[in-house]
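A.B. asks: Got a structure for you, questions after.
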Amino acid sequence: MNKKTASLSLEGVKDSIDLPILGGSIGPDVIDVGGLTAKGYFTFDPGFMSTASCESRITYIDGDKGVLLHRGYPIEQLAEKSDYLETCYLLLNGELPDPAQKAEFENDIRYHTMVHEKLCEFFKGFPINAHPMAIMVGVVGALSAFYHDSLDIMKEEDRRISAHRLIAKMPTIAAMCYKHAIGQPFMYPRNDFGYAENFLHMMFSTPCEAPKVSPILAKAMDTIFLLHADHEQNASTSTVRLAGSTGANPFACVSAGIAALWGPAHGGANEAVLNMLDEIGDESRIEEFIKRAKDKNDPFRLMGFGHRVYKNFDPRAKVMRKICDEVLTELGVENDPLFRIARRLEKIALEDEYFIERKLYPNVDFYSGIILKAIGIPASMFTVIFAVGRTPGWISHWNEMISNPYKIGRPRQLYTGHARRDYPGT
Ligand code: SDX
């Protein structure tokens with residue numbers, strides 16, 4: 001791993017500081033700055049723009065080339081040839097499952113989809129209009145009350161079953177959030193349904209009639225989960241890793257990840273995109289909003305555009321746009337006004353110098369909301385869908401950290417406050 005050395009020379013300091021340069025399998029080399037503290041320095045990198053927080057083998061992103069690989073497999077190929085649970089297995093275990101392993105994994109997930117009946121009572125305390133992400137933070141965190149004493153995170157088997165429980169129960173809890181909001185009874189998962197099919201069943205079926213789920217919509221839902229499955233060290237995954245580095249319960253760590261995902265700069269952007277498209281309302285108003293997005297004095301940003309890493313098209317956005325076309329056509333709403341506005345907005349922005357210069361392209365959140373709305377999912381549930389999809393990523397990174405030597409995450413700071421001073425009268 002150790003390749004070369006960086007030599008840091010400091011003004012007024014006689015000897016330069018040699019820092020090892022480490023190389024990975026692909027992507028940028030890193031400068032190991034661990035030795036700086038002993039020399040009386042910290043690095044300073046607010047927002048971690050240039051910081052590699054860990055070593056990982058799970059997902060690789062090349063932002064300039066618009067590349068996203070899960071355990072080496074391109075996201076475009078996984079979206080076309082794989083499915084969500086197979087991708088969950090790949091993220092967790094590092095290799096694609098053989099048919100027997102896939103069947104066993106699907107079965108294991110299937111028999112963990114129900115939640116403890118006592119967990120249902122948590123919903124009674126939330127106001128009807130509670131944001132579903134507020135409920136998700138609370139109820140997923142509450143899972144740690146049901147799986148704590150029997151959980152030793154140093155045991156591989158305990159980590160495995162925790163990962164399976166989370167992947168299995170997230171759709172059930174997500175659908176419960178929706179049923180809570182509309183005053184309908186919770187629907188139990190069915191063991192004869194597929195993963196995404198079960199989710200749509202729990203969302204839209206009622207006890208009054210036999211469940212019927214469109215296979216087209218179930219496939220679209222499965223691919224949407226897959227496209228959200230993992231994304232390297234993004235804000236919510238870094239939150240799960242930091243919480244996990246203290247040895248905290250993994251269910252509590254994922255709850256912290258859900259909280260971080262909720263922000264409109266992160267996973268909350270998909271809901272914000274739909275609200276933005278609704279606010280634009282008509283193609284004639286697009287220029288007005290593009291102008292606002294470019295105005296430094298206006299806090300408005302083009303939601304679903306831009307990315308910390310991708311300075312080219314987000315490969316997930318390309319697949320999402322294709323699914324959007326397919327689902328809207330399938331549903332006979334290809335002339336959906338929001339989709340028309342989104343396509344026009346994308347075209348205008350991509351020809352505008354401000355966006356070109358800043359390499360701002362549509363990201364994963366730009367089209368997902370339009371598809372989810374077409375499926376019948378309300379905007380308030382969009383980030384919940386993102387959280388369900390991202391669960392295998394969160395728990396794979398948590399597992400990768402815990403199953404290798406790790407240290408508690410504890411950044412330092414550049415202190416610019418008062419030096420020591422005495423209390424008046426001391
Ligand atoms: C996700 O990290 C991940 O991997 C996240 C994610 C995942 O899968 O986990 O990919 C999911 O979170 C996607 C991003 C969803 N967020 C949005 O769509 C919200 C809108 N986008 C922006 O808020 C912004 O682009 C960020 C937060 C995504 C990235 O911000 P950065 O990297 O901190 O960049 P920046 O804010 O410094 O912007 C650089 C410039 C600035 O202009 P200048 O000061 O240089 O003149 O670009 C401008 C910004 O003002 N800019 C935008 C813009 N995004 C950036 N201007 C208008 N509209 C935008 N959307």
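A.B. asks: Would a scan of region 278-293 turn up a residue that is over 24 Å from residue 336 (Cβ atoms) and among the polar types (S, T, N, Q)? Spell out how you get there, then give the answer.
C.D. replies: We begin by selecting, within region 278-293, every residue over 24 Å from residue 336 (Cβ atoms); these are 291.
Now restrict to residues that are among the polar types (S, T, N, Q): none.
No: zero hits.
A.B. asks: Cβ contacts < 7 Å: first residue touching a residue at least 60 places away in the same chain (Cβ under 8 Å), restricted to region 288-302; second residue within 10 Å of the ligand (Cβ to nearest atom) and in a helix (DSSP H, G or I), any location; separation 6+ or different chain. Result?
C.D. replies: 290/349; 294/354
A.B. asks: Six or more apart or on different chains, Cβ under 7 Å: which pairs go from a residue in region 203-224 that's closer than 24 Å to residue 184 by Cα to one that's polar (S, T, N, Q)? Could you list them?
C.D. replies: Between residues of region 203-224 that are closer than 24 Å to residue 184 by Cα and residues that are polar (S, T, N, Q), the close pairs are 206/184; 211/205.
A.B. asks: In this structure, does residue 301 turn out to be farther than 18 Å from residue 389 by Cβ and buried (at least 16 other Cβ atoms within 10 Å of the Cβ)?
C.D. replies: Yes, satisfied.
A.B. asks: Working only within region 174-204, note down all residues that are open to solvent by less than 10 Å² (accessible area, probe 1.4 Å), under 22 Å from residue 120 (Cβ atoms) and of a type in the set (Gly, Ala, Ser).
C.D. replies: Matches in region 174-204: 174, 175.
A.B. asks: For region 261-289, enumerate the residues that are part of a helix (DSSP H, G or I), near the ligand (Cβ under 10 Å from one of its atoms) and small (Gly, Ala, Ser).
C.D. replies: 269, 272 - these are the residues of region 261-289 that are part of a helix (DSSP H, G or I), near the ligand (Cβ under 10 Å from one of its atoms) and small (Gly, Ala, Ser).
A.B. asks: Taking the residues in region 230-247 that are hydrophobic (A, V, I, L, M, F, W, C) and out of contact with any Phe, Trp or Tyr (no Cβ under 7 Å at 6 or more places or on another chain) as candidates, determine which candidate is nearest to residue 383 (Cα to Cα). Write out each step before concluding.
C.D. replies: Just the residues of region 230-247 that are hydrophobic (A, V, I, L, M, F, W, C), to begin with: 235, 240, 242-243.
The next check asks that each one be out of contact with any Phe, Trp or Tyr (no Cβ under 7 Å at 6 or more places or on another chain); those that pass are 235, 242-243.
On the way: 235: 14, 242: 21, 243: 21 Å.
So the residue we want is 235.
A.B. asks: Is it the case that residue 244 is small (Gly, Ala, Ser), at pLDDT below 95 and either near the ligand (Cβ under 8 Å from one of its atoms) or crowded, with 23+ Cβ neighbours inside 10 Å (or both)?
C.D. replies: Answer is no for this residue.
A.B. asks: While we're looking at this one, here's another question. With region 67-126 as the region, which helices (runs of 4 or more DSSP H) entirely inside it contain at least 3 residues that are surrounded by 14 or more Cβ atoms within 10 Å (Cβ to Cβ)?
C.D. replies: Working: elements: 75-81, 84-93, 99-110, 117-120.
Helices (runs of 4 or more DSSP H) meeting the threshold: 75-81, 84-93, 99-110.
A.B. asks: Continuing with the same structure: Please count how many residues of region 372-426 are open to solvent by 10 Å² or more (accessible area, probe 1.4 Å), of a type in the set (D, E, K, R), under 25 Å from the mean Cα position of the chain (by Cα) and over 22 Å from residue 155 (Cβ atoms).
C.D. replies: 2
A.B. asks: Okay, moving on. Cβ-Cβ below 9 Å, separation at least six or inter-chain, first residue in region 226-249 and in contact (Cβ under 8 Å) with a residue 12 or more places away in the chain, second acidic (Asp, Glu) and within 16 Å of the ligand (Cβ to nearest atom): which pairs?
C.D. replies: 237/230
A.B. asks: Does any residue of region 251-258 turn out to be within 13 Å of the ligand (Cβ to nearest atom) and in contact with a Lys or Arg (Cβ under 8 Å, 6 or more places away or on another chain)? So that I can check it myself, show each step before the final result.
C.D. replies: Quick first cut of region 251-258, residues within 13 Å of the ligand (Cβ to nearest atom) only: 257-258.
Imposing the further condition that a residue be in contact with a Lys or Arg (Cβ under 8 Å, 6 or more places away or on another chain) reduces the set to 257.
Checked against the condition, which is being within 13 Å of the ligand (Cβ to nearest atom) and in contact with a Lys or Arg (Cβ under 8 Å, 6 or more places away or on another chain), region 251-258 yields at least one hit.
A.B. asks: Please list, ordered by residue number, the helices (runs of 4 or more DSSP H) wholly in region 291-395 having 2 or more residues that are more than 15 Å from the ligand (Cβ to nearest atom) and in contact with an Asp or Glu (Cβ under 9 Å, 6 or more places away or on another chain). Before the answer, list the steps.
C.D. replies: On the way: elements: 315-330, 337-350, 353-357, 365-375.
Answer list for region 291-395: 315-330, 337-350, 365-375.
A.B. asks: Within region 25-51, count every residue that is out of contact with any helix residue (DSSP H, G or I) (no Cβ under 9 Å at 6 or more places or on another chain) and away from the ligand (no atom under 14 Å from the Cβ). Before you say what the answer is, go through the steps one by one.
C.D. replies: Step one: of region 25-51, the residues out of contact with any helix residue (DSSP H, G or I) (no Cβ under 9 Å at 6 or more places or on another chain) are 25-41, 44-47, 49-51.
Still in the list and also away from the ligand (no atom under 14 Å from the Cβ): 25-41, 44.
Number satisfying all stated conditions: 18.
The values are calculated or read from the model by the stated rules, or taken from the named source; none is laboratory data. This structure is a prediction, so every number in the text was calculated from the model and none was measured. FYI the Cβ positions are ideal-geometry reconstructions off the backbone, even for glycines, and counts take in every protein chain you see. Quick note on the areas: whole protein, heavy atoms, side chains included, nothing else; ligands and nucleic acids left out. Shrake-Rupley method; radii C 1.70, N 1.55, O 1.52, S 1.80 Å.
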